[in-house]
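So the structure is just underneath, and the comments pick up after that.
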Amino acid sequence: MTAKSRYDNLSSDRSQFLTEAEDATKLTLPYLIRGHEEYQKGMKQLKTPWQSVGAKGVVALASKLSLSLVPPQTSFFKLQLDESQLGEEFGPEVKSELDLSFAKIERTILDAIAASDDRVVIHQALQHLVVGGNALIFMGKEGLKLYPLNRYVIERDGNGDVIEIITKERINKDLIPSYYEIMPEKMVMDQDEEEEECDVYTHCKRDNNRFVWHQEVHDKRIPGSQGKAPIDSTPWLPLRFNTVDGEAYGRGRVGQFIGDLKSLEALSQAIVEGSAAAAKVVFTVSPSSTTKPQTLAAAGNGAIVQGRPDDIGVIQVGKTADFATALQHMQTLEKRLNEAFLILSVRQSERTTAEEVRMTQMELEQQLGGLFGLLTVEFLVPYLNRKLSVFQKTGEIPRIPKGMVKPIIVAGINSLGRGQDVQALGGFLATIA
């Protein structure tokens, strides 16, 4: 089966998740997932939401996750020595030298990440995870590449392990060196001359303890596009925000609160349109009045016009109480959504103390614990393993013996644990004082 036919076959399983992601992106960031119109030429006019709470929440939550997973100026991992594997001849001097070497390796990888655009792509991937629940990252030689949900399909086994990944992208024919060698002469002539781009499929499949992949164009394999990598250092990182047993795709944060977002969208539209109607000024003149409508319309500010005030009226909407009810419900929805996307909203009061604000912030950050668990397993660990593998092959860092040295993730959920330790220590010191 060709990559194209396999992609079309697996697209049916993705359709439900893609539809939900499209509904979620319409209420938050409309440009994020385009749906089935991804390859159409020309920009389609995107519909702007009536509220910006969803967009603000997505950007804020993705930024918090990005700063916590790959923090700047701080290593997100530590190389730890398994002392049980060492003999008695290794004294404290050797261990201190090893710790110094580990620190150099950590700094080398951290500097390489800072010099690349990895953090930009990671932030974009986290936005896709918050909205659509799925994103695919490929760690190539030139940097990270992001595939949105509408450009890849995936199949997993019962344990959630990846079996197969197929991506689809639109590429200019001139960027494929052997395009005209792959295509027969007749097929090339039959192609529309105005069509400068073609669909390229990348088929990645699990083969025992490794992943192998290749690229196809018009059902023909592209020479030199083959690749392979061990499972523990694969460049393919399919990410999910939340997992459901038996589903190959994840669920996003926006999908969990789509009801509140839809309600807020409808109320915002009603308030905006109702306010515009209420702001419209229309005068009415009695048919029996001596004042003509033309005279009133032509009168300037402060002009004197002959007539009776009772014959002239102003149309009023008279929906103030209804607008107040809708506005009150909007504020309730906005507060709930801000809490859902971990946006700090301080209680408006003269007696609001710094301790109350700190406790509120701590409660919000503790909600990140559940979000970090899956991202640490599906993103940070494979990302670090691939970085270490590539750097060891290029000789930028020395070979790390397996079994004796193991990398430990210290970012994400582990950083939250250290933050709680700091707070407990601060409270203990305050009690001692």
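See the values below:
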| read-out | value |
| --- | --- |
| Residues being under 18 Å from residue 382 (Cα atoms) and surrounded by 15 or more Cβ atoms within 10 Å (Cβ to Cβ) - total across the range 204-221 | 5 |
| Subset tally (residues that are in contact with a Phe, Trp or Tyr (Cβ under 8 Å, 6 or more places away or on another chain), open to solvent by 10 Å² or more (accessible area, probe 1.4 Å), of a type in the set (A, V, I, L, M) and over 25 Å from residue 213 (Cα atoms)) for the range 106-147 | 1 |
| Criterion: free of Cβ contacts under 8 Å to residues at least 60 places away in the same chain, open to solvent by 100 Å² or more (accessible area, probe 1.4 Å) and within 20 Å of residue 263 (Cα to Cα) - qualifying residue of 294, 306, 328 | 328 |
| Matching option when the condition is among the charged types (D, E, K, R) and in contact with a His (Cβ under 9 Å, 6 or more places away or on another chain), among 169, 164 | 164 |
| Residue list for the range 267-288, filter: buried (at least 16 other Cβ atoms within 10 Å of the Cβ), among the polar types (S, T, N, Q) and without any contact (Cβ under 8 Å) to a residue 40 or more places away in the chain | none |
| Any strands (runs of 3 or more DSSP E) falling wholly within the range 122-231 and containing at least 1 residues that are of a type outside the set (Phe, Trp, Tyr) and more than 30 Å from residue 258 (Cα to Cα) | 134-140, 143-147, 162-172, 197-207, 210-217, 227-230 |
| Unique match (being touching a residue at least 40 places away in the same chain (Cβ under 8 Å) and either assigned to a loop (DSSP other than H, G, I, E, B) or more than 11 Å from the chain's Cα centre (by Cα) (or both)) among 101, 96 | 101 |
| Of residues in the range 309-323 being under 13 Å from residue 275 (Cα atoms) and part of a loop (DSSP other than H, G, I, E, B), the one most open to solvent (accessible area, probe 1.4 Å) | 316 |
| Among the residues listed as 89, 38, the single one being under 22 Å from the mean Cα position of the chain (by Cα) and modelled with pLDDT under 85 | 38 |
| The range 331-381, residues that are open to solvent by 50 Å² or more (accessible area, probe 1.4 Å), modelled with pLDDT under 85 and of a type in the set (A, V, I, L, M, F, W, C) | 344, 346, 354, 359 |
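One line per residue, one yes/no per condition, for (1) surrounded by 15 or more Cβ atoms within 10 Å (Cβ to Cβ); (2) at pLDDT 95 or above; (3) aliphatic (A, V, I, L, M):
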{"residue": "223", "(1), (2), (3)": "no, no, no"}
{"residue": "232", "(1), (2), (3)": "no, no, no"}
{"residue": "237", "(1), (2), (3)": "yes, yes, yes"}
{"residue": "241", "(1), (2), (3)": "yes, no, no"}
{"residue": "250", "(1), (2), (3)": "yes, no, no"}
{"residue": "265", "(1), (2), (3)": "yes, yes, no"}
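The values are calculated or read from the model by the stated rules, or taken from the named source; none is laboratory data. Remember, it's a predicted structure, so these values are computed and weren't measured experimentally. Note that we place each Cβ from the backbone using ideal geometry, even for glycine, and neighbour counts take in every protein chain shown. All accessible areas refer to the heavy atoms of the entire protein, side chains included, with ligands and DNA or RNA removed. Shrake-Rupley method; radii C 1.70, N 1.55, O 1.52, S 1.80 Å.
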